[in-house]
Every structure is written in structure tokens, then in C-alpha cells.
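Everything on this sheet refers to the single structure shown next.
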Amino acid sequence: MIICDSAGTTVFTRWPLMESLCLVILFSSMATVQAQPKPQAYEPMHRLTWAEYEATLQFWKTSHPSWVTLQSRGISGQNMPVYLLKITDSSVPDTDKQICLVTTLHCGPERSGTSGALSLVDWMLSDDPLAAETRRRQIVLIMPVVNPLALFYTDRWSNENGVEPYAGLARDGKAWDIAKLTVRRPEEAPELMAVLSVVDEYQPEVHVDFHGVGLQEYGSDQLGTRRMYQGQIMTEITGSAYSNYALRPWDWRVTEAMIDAGKEAGFPSDRFEADAQRTFWGTELAPLGKKLWHGMPMFYTQHYSYAKYHTMIATQEVAWEQSIVERTKGLFRIGNKVWNDERQPSYPVNRMKHFVGHFVTAYGNTATERRKSRVELWSKQSNLALGFIYPQTDGRESLVCATTAAAKRAVAADGLRELQISLHDLFGENAQNIKEFIDAGPELQLAVETPSARLLEATEAEDVLFENGVSFRLRLPYRKTTQLEVQLNGQVLKESPTDGFESWFADGFTQVHVNVPPAKARQTELYFITCSYTPDEIRRTGWMPPATVQERFATVTADATPADFTDLSYGIHFRQSMDVWLAESNAPTPLVFYIHGGGWAAQDKTDIHQHLDVRRFLNSGISVASVNYRLLQDANAAGVTPPVQWPLEDAARALQFVRFNADRWNIDKLRIAACGVSAGGCSSLWLALRDDMAEPESSDPVARESTRLFCAAGKAPQTSLDPRQLVEWIPNSEYGGRAFGFPGESRPDSFAPFLAARDSILPQIQRYSPIEHAGDNAPPLFMEFPTQDKVPVAGERQSDPTHSAVSGLMLQRKLEVLEVPVELRYKNDGKSGNANMQEFLMGQLQSNQ
């Protein structure tokens, strides 16, 4: 059973306090082990020795030479081999066999994983009809003891070099370079490298890892004779791990098949978040915090199999050896038979890329052919652009796959008419059939998962062709279809399992499977598949609301520019995060640093798109960061005084975090401009006017970075947080009380006690009020006040006192005396110059670029 925190540190007593920890199963007998002797009924179990283990492997090899191959795949600590058992019926050719790898990455203290794997070998070599069928149809690779030093001698997870194979941890952090899918110091991790060598050689369809109960919760002074006792169990789980919900089969039906097999034999399984009745964590769900499932997606060693070869992974917790044998039988049955919507026996591992129910799949009529195709397609799928003619329409289906820059430019056509011209250039007269298909339908466009701009930017360096063939899957949502015609690139296809199409009904769909053999695939850059059919029934669609409701509502859809980094953390609080867009440039780029508004109590970094054109910045060579910060309510809940301290100091910390990453992100540290709306504008001015908050002597490298700005801008910002000053400027002022901890149902309710207490908290006000820091070292500033409905005059009441240009005017007057350039704009001001924040920022950041 895994007991670790998110950093991989072994934990026992702290788990109830932290959601990111693996679930720890506490055995009541362990709680009393030192207080009273164990009952006699709990007799000690046999502890397997290294000599017994090696002798058993040799016995199996000698007793079943036509089924068992034994190999050493590496040398663990103390010159102990890491063994691999290959079990299959050698009288049956391997050509059409599925491959399943079974490992024990957490063996050592988790002993029942190993004993479960050995029990599985016993069953695999038995006369059980399912075992015999599995030997004929599959190659089963079993590594019963991945970490022999840990299992037989230390009863700890790590090897002698401090490397823990399961999560891939080393003494100094992650043993993995995840981006490169390599182990940082392979010489320190022979056990892990032994497993990877097997994965690389066999490229299995499935990789299952056995875990279990043992001595992992025992301290060094509690190990004693290092023998478990009869009746020492745990809650069994199937398919995944409590700590990591990304470590599971992608198809829940595979997990349920294993659970059902265990239940039938009397061994139930816990179903993680389903039995806990919790939902997964996500960005917008983050405020729900402790109401969410505590597991998090992390990279563990098994993910190598998936990332490299699209291997389906599963993790099992084992209390009873017979249980894991039964559950694994449930898995083997899947590999022995035809899966739900397929036509050949196989594990469900052959879909390499998808777009709204359209799939690129492995090609081949044998397991070996499909494996070669699967591995190739998986390595190339990120360079493919998939699409279909949109909207989808009854009686018509399509799938488009572009593999080269030329093909991507063709499908990036502006509208179907332009697309037809591009297709004619590619396919010649065959494009006429595609034109007739398009003209016969009501669709509007070719919907492609990749934006047109990116398609047009594609380069030949990203081109791919398929050496081992390729197949495509379309699904028609009807049981029966007639007049089915499938075309590829304007040519009518015949029915064929090798060069053409196949169709069958399964899983509620009529499956249409298009096969392109290797010889054709090596010469094809664009696959344009069209499918026409007649459904077996007519289904009416649509519903109209009442007429009065139709008059009141409309739908507006806006596509946001995707960030290079989303929800990137710059602190330990979940709100301390940012989104970052990086402009493409050889030279370091300037950056716009955006802080959202909402009175420091609402809204989110994503509101940037309501006020700034991010894509325009990027196209102009300007990078962008939009930050979240801890809100006033977070500060109040933590007892922070004044609450405004957290939003403002988070803004400074986020700015330092950007500078800390400047080299990695290709950012010019000297050309960073802050901007924001309302409270975000106030935060921007506070950063611009304050002295540098860098701490050169700090041990924290982020804190050593500067907070100075190249320029700053604000839309309807507050320039002062001094209530007396605000009333002198704007008699009906009402803003700022909540920022300093004065509650109220409305802003006026909180402002009155704020004003009354002003003198007692004046040092706090002066620390966080922007105008108090105005000096001759301030950068150029811009302020716009879109709701200002008259010429701003100090001392007059304002229609929107919180966002009045009067506050901007007062800051402008103070800074102009100091010869600091300040631009102030409001509605109908009759001025020329920059009309808004966007123009000001682009002008400043592009000057002398």
C-alpha cells in the first residue's frame, strides 16, 4: 500500500491533514502491536528467501520448457538479477499474440504484490482452460521481483542508491526527466532500467503493476523477524492508485471487468472516487477544495509505457493472492476475445488520435502488424490535423487527416468553396467526387481541431508519412444503414480488410473502418474520407423555447487564445497562479503583466480577454501574463490584517516569478508593463509607484528579483485608499473599507467605519495606497475611465465614485510636478493620443524594440 505525500516522502501520521497524500489504510491490529501480544490465531507467514525465489524460477523453466523463458534483465544491489518470466505457448506463432507485462514496481515492503505475481505464474502454468487459452493467444511477461534488495533484505521501497522505481523518485527529487522520457541517472536505477528494457523490447499492449500489503508502515525498530502474519490484509483496489488518478486504464469497462472477476470469486474492490462519491479536481472547481477527490495526476514509472507506446496501464492492490489471480483472469479474458466495438481479438489500445468521435487507428490484421502501426502512429499523432465537415448531418459523415504542411494548408482553406479549390490542386479529377459530396449537404465548414493560423504556420519539418499503414474509424449512430458508400480522396472504396473499408454493428453504432495499406500510406499526405448512407429511421431533432424567451436571450461564442502555461503556480495557495502566453521571437520579448479586477474579492485572471486583445499582443512580439491572487476573503479567513496585503503582495510575488523565469521564457526583464482593471489597476499603480521590493540577500531566488516596471496602465483604477483623501476629492466616495477589514453588506456600509477609524490605521493605508508612493522615479503611466460622464473636478460628487477620473486627475497632478509622464483619458475628453490601455502598452513596449 502506498504511503507518500506529493513530494514522494514517506508519511504515516500526517495523512488526514493533506489532500494530496495517498490514502493510508490503518490496521487496528497495528495500533495495539506494542500494547499487547497478537492473538495466537495470527500465526506468522513464511518469508520467501532469495534462494527459494531463484530455485522456483529455475523449476518453472525446467518443468515447462515450451512455455517458460527466463531472463535476467539487469543486476540490482548486491549483484542480484532482476528476472523476467516470459510465458506463452511456443507451439503457436507469436504473430497474432497480445502482450501483457506484469511488474511489481513497489515490491520490497509491499510483499503481497510479489506473492500475487508468483501465484499468477502458478496459475498460468496450470491446466486451467483459460490459462491454456491465454498461453495460446498472449505473451505474458512477469517480473515478480523488480527490487530484490528491497524485498529480500531491506523491506524499504528504495534501492541502495535511494531510487524508488514505482513513482520514479530519487534522493534529490524525480528520477525522471519527464519531458525527454529518460531516467536522469540510469546507473543508479538498474531495477527501473530493467523494466524499461522490457517495455522497449516488447512494446506491450497492457502493463499491470501489482502492489499490496506488507511492512511498509513498520518503522525500523518494529520490523522484528520481518514476517507478516496470517490475516494481515488491506482494502483491495483495482486498476489505479489512490494517489494518482491518471494511473488507470483509460476505459472504465476494463477496470469493471477485473472487479467483476474478483467479486465472482468473493473478492470485492474499492472503486476510488466512485465509492467515496467525490468528483475530480479541476481549475474552476478549485474553490471547492476539500470536497474533491484527493488524488492528483502525476507521472509515475508506468506512464513511460503509455507515453512511449500507447500501452494501457493499470495498478492493483493485493491483499489475497487468489484475488489478484482472479482479477487478472478478468483482464486476460479481454485480451483473448474481440473487444466491444472491434472485429479482431485485442486489448482496446489501437486508437491513436481522436477528434469528436473520429479516430486514427492502428492498421493490420495481426497483433504484430497492429503493434508496429500503433507504435509508429503514437509517435507521430501530435503532428496530425484531424477534422470533419461540420455540422455533422444524418446520412453523411466524413473524416479528414492532414499529415504534412502542404496538406494542412489545403484544409486551412477559408470556407468550403476555397477548400474545393485546394482539393482539386491535390487530387485532380478525383476531387470532383468530393465536390459533389460537399455540394449535396448543408454543412458550413471543415471543422479542424487545429486552428487555421497554426495550420498555415506548419512547416515541412513537422511532416509525417506512415510506413506501417494506417486505419480510420467513423461511427454512424444507427443500427442499420443502406446505400453505404465510402470514398477516400474522391475514390470509391471496396470492402476489404487490407485496402478498403469494413463495416459492422457494435456498441450501438454502425462501425465504418477504413484501411490504407503501407504502400499507399507512404505516398499519402491528406486523407479525405467521405461516407454517405441512408439511416434505418428518421429522428427529429431540436426544441424551441417560448417566443417571449426567444426574444430575451442570445448566444455569443468567443474563442480564447490558448496559453502556453495555464494555472502556473507561483505560491502554495491555489489562487496564486497565472496564465502565460509567450510570443515567438528570437530576441527576448517585452511582457504585459495583467491583474484582474473585482474589488480584490471576485473575478479571475481569465477576464483579460474582456479588456485586452491577447492575440494582437502576441502577433506584435509581446508576451502576456495574467495572474490570480489570494482574495480579501482568503485573507480574512486567515486573519491577515489588512486583508488588502495579500492581493497586493501576491501581485509583487507574481511579477518576481515572471522575472525569475525570464531566461526560460525568452522575456526581456527590463520591458515589463503592468496593467489592470479597477482593483487590478490599483495594484498595477501600486507596483509602478513603490520602490523596488527586491530582497537581494534573500535565500529565495524569486524574492531577489526586481518589482520595477517599464510602464503601467489602468482602466478605472483607484489611485488612493485613504478614505479622508477620497472624500475630499469625491464627496460621495464609498470604496476601500473591505480592503482594510471593515465588513458591510454594501460598500457604503463598510466605508463609514473605515473613515471613522482612518487615523488609527493610517500607517497601513499609507503602505498600500498608490499615491502615497508617487515619486520622480515612477515610470510612464496611463489611466482611462470609460464611465466618466463629465469633466472631472475635485470636490464634486460623481456618478461612479469608485471609478471616477477625479482620482486619476489627482495622481496626474502630483506626478506632473515631478515631470513623470502621465496620460489620462475619459469619455468625450476631446484629447488625442492613446485611446485605451492596449494602444498605450503596445506603443510603449514596441518603442525602440
Legend entry - Listed values (1) 56, 40, 24; (2) 79, 26, 23; (3) 40, 33, 31, entry calculated as semi-axes √(5λ) of the Cα gyration tensor in Å: (1)
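Applying 1/(1 + (r/R0)^6) with R0 = 30 Å to the Cβ-Cβ distance of residue 534 and residue 418, what FRET efficiency is obtained, to the nearest 0.05?
Numbers: r = 30 Å, r/R0 = 1.00.
The value I calculate is 0.50.
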Legend entry - Charged-residue dipole, Cβ positions (Lys, Arg, Asp, Glu), the range 312-467 about Cα centre, Debye nearest 20: 680 debye
Legend entry - Stretchable slack from residue 484 to residue 132, in nm (0.36 nm times residue separation minus alpha-carbon distance): 122.6 nm
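Please compute the contact order of the chain in relative form: average sequence separation of alpha-carbon pairs under 8 Å and at least six residues apart, divided by the residue count, as a percent. Please report the intermediate quantities before stating the final value.
Working: 1693 pairs, mean separation 60.9, N = 849.
Relative contact order of the chain: 7 percent.
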Inset, instruction - Could you state the accessible area per residue of the range 294-384 in Å², with a 1.4 Å probe and every protein chain left in place? - result: 30 Å²
Inset, instruction - Mind checking the per residue accessible area of the range 78-124 for me, 1.4 Å probe, whole number of Å²? - result: 26 Å²
Legend entry - Residue-wise HN-Hα coupling along the range 334-343, computed from phi with Karplus coefficients 6.51, -1.76, 1.60 (Hz; x: Gly, Pro): 5, x, 7, 10, 7, 6, 2, 10, 9, 10
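Any idea what the relative contact order of the range 208-269 is, in percent, if you count C-alpha pairs under 8 Å spaced at least 6 apart?
Numbers: 33 pairs, mean separation 15.0, N = 62.
Relative contact order, the range 208-269: 24 percent.
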Legend entry - For the range 524-539, 3J(HN,Hα) per residue [Karplus equation, 6.51 cos²θ - 1.76 cosθ + 1.60, θ = phi - 60°, Hz, x = Gly/Pro]: 10, 9, 10, 10, 10, 9, 10, 9, 10, 7, 10, x, 8, 8, 9, 10
Legend entry - Cβ charges +1 (Lys, Arg) and -1 (Asp, Glu), total dipole of the range 107-177, debye: 120 debye
Inset, instruction - Search the structure for amide H atoms under 5 Å from the amide H of residue 97, placed 1.01 Å from N in the peptide plane, and list their residues when 5 or more places away or on another chain. - result: 367, 368
Inset, instruction - Please tell me which of these pairs span more than 25 angstrom C-alpha to C-alpha: 180/408; 790/814; 180/372? - result: 180/408
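Quote the FRET efficiency, to the nearest 0.05, computed for residue 585 versus residue 250 with a Förster distance R0 of 35 Å and r equal to the Cβ-Cβ distance.
Numbers: r = 38 Å, r/R0 = 1.08.
About 0.40, to the nearest 0.05.
With a probe of 1.4 Å, find how much accessible area the range 784-841 has per residue, and write the answer as a whole number in Å². Display every interim value, and only then the final one.
Working: 2850 Å² over 58 residues.
Accessible area per residue, the range 784-841: 49 Å².
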Inset, instruction - Would you give the gap between the C-alpha center of the range 141-209 and the C-alpha center of the range 452-485, rounded to a whole Å? - result: 37 Å
Legend entry - FRET E, pair residue 50, residue 181, Förster distance 25 Å, beta-carbon r, rounded to 0.05: 0.20
Legend entry - Amide H partners (placed H, <5 Å) of residue 445, local residues excluded: 390
Inset, instruction - Go ahead and collect, in residue order, the members of the range 637-676 whose backbone nitrogen is under 14 Å from a label point 7 Å along the Cα-Cβ direction of residue 695. - result: 649-650, 652-654, 656-657
Inset, instruction - Kindly write out, for the range 280-291 in residue order, the coupling ³J(HN,Hα) from the Karplus curve 6.51 cos²θ - 1.76 cosθ + 1.60 (θ = phi - 60°), rounded to whole Hz, with x marking Gly and Pro. - result: 6, 6, x, 4, 6, 8, 3, x, 6, x, 6, 8
Legend entry - Value of [θ]222 nm, deg cm²/dmol, for the chain, DSSP H segments ≥ 4, -39500 (n - 2.57) each, nearest 500: -8000 deg cm²/dmol
Legend entry - Cα lying deepest toward the dipole's positive end in the chain, options 589, 213, 731, charges on Cβ: 213
Legend entry - Hypothetical label at residue 43: residues of the range 310-330 whose amide nitrogen lies under 17 Å (7 Å Cα-Cβ projection): none
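Show me the ranking of peptides 226-232, 717-723 by mean Cβ neighbours inside 10 Å, starting with the highest.
Details: 226-232: 15.3, 717-723: 25.7.
Peptide ranking by packing, descending: 717-723, 226-232.
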Inset, instruction - Express the carbon and sulfur contribution to the solvent-accessible surface of the range 592-660 as a percent, rounded to the nearest whole number, probe 1.4 angstrom. - result: 43 percent
Inset, instruction - Work out how much length residue 640 to residue 829 would gain on full extension: take 0.36 nm times their residue separation and subtract the Cα-Cα distance, in nm to one decimal. - result: 63.9 nm
Inset, instruction - Can you tell me the 0 to 90 degree angle between the C-alpha axis of helix 190-202 and the longest principal axis of the chain, rounded to 10? - result: 70 degrees
Inset, instruction - Mind checking which of 365, 298, 70 is farthest towards the positive end of the chain's charge dipole, using Cβ charges of +1 (Lys, Arg) and -1 (Asp, Glu) about the Cα centre? - result: 70
Legend entry - Built amide H within the under 5 Å cut-off of residue 244, gap 5+: 296
Inset, instruction - Could you pull the Cα extents of the range 621-708 along its three principal axes, largest to smallest, in whole Å? - result: 38, 32, 22
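Carbon and sulfur together cover what percent of the accessible area of the range 205-257 at a 1.4 Å probe radius? Mind showing how you got there, number by number?
Values: 850 of 1730 Å².
Carbon and sulfur: 49 percent of the exposed surface of the range 205-257.
Sequence gap at least 6, Cα distance under 8 Å: using those rules, report the relative contact order of the range 89-240 to the nearest whole percent. Walk me through the numbers on the way to the answer.
On the way: 215 pairs, mean separation 50.8, N = 152.
Over the range 89-240, the number comes to 33 percent.
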Legend entry - Order by protection proxy (mean Cβ within 10 Å, highest first), peptides 629-640, 124-135: 629-640, 124-135
Inset, instruction - Any of 97/174; 715/827; 435/494; 263/329 with alpha carbons more than 24 Å apart? Name them for me. - result: 97/174
Inset, instruction - Take the range 491-531, drop everything but the C-alpha atoms, weight them equally and run the Debye formula without solvent; then report log10 I(q)/I(0) at 0.14, 0.15, 0.19, 0.22 Å⁻¹ to two decimals. - result: -0.36, -0.40, -0.61, -0.78
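Per the 1.4 Å probe, what fraction of the accessible area of the range 450-537, in percent, lies on carbon and sulfur atoms? Before the final figure, lay out the partial values.
Working: 1930 of 4100 Å².
On the range 450-537, the fraction of accessible area on carbon and sulfur atoms equals 47 percent.
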Inset, instruction - Taking the chain as the reference, fit the longest principal axis to its C-alpha atoms, fit the long axis of helix 645-660 to the helix C-alpha atoms, and give the angle between the two in degrees, 0 to 90, nearest 10. - result: 60 degrees
Inset, instruction - Calculate the radius of gyration of the Cα atoms of the range 100-193 to one decimal place, then report Dmax, the largest Cα-Cα distance, as a whole number, both in Å. - result: 15.6, 49
Inset, instruction - Mind pulling the angle between the C-alpha long axis of helix 50-63 and the longest principal axis of the chain? Nearest 10 degrees, somewhere in 0 to 90. - result: 60 degrees
Legend entry - Spacing of the two label points (7 Å from each Cα toward its C-beta) at residue 777 and residue 66, in nm: 8.7 nm
Inset, instruction - Note down the nm distance, to one decimal, between modelled labels 7 Å out along Cα→Cβ at residue 429 and at residue 757. - result: 8.7 nm
Inset, instruction - Give, rounded to the nearest 20 debye, the magnitude of the charge dipole that the chain has about its Cα centre when Lys and Arg contribute +1 at Cβ and Asp and Glu contribute -1 at Cβ. - result: 460 debye
Legend entry - Farthest positive-ward along the range 133-179 dipole, Cα basis, beta-carbon charges - from 159, 142, 173: 142
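The values are calculated or read from the model by the stated rules, or taken from the named source; none is laboratory data. For clarity, every value in this text was computed on a predicted model and none was experimentally measured. Glycine gets a Cβ as well: all are built from the backbone with ideal geometry, and neighbour counts include every protein chain shown. Calculation scope for accessible area: heavy atoms of the full protein, side chains included, ligands and nucleic acids excluded. Shrake-Rupley method; radii C 1.70, N 1.55, O 1.52, S 1.80 Å.
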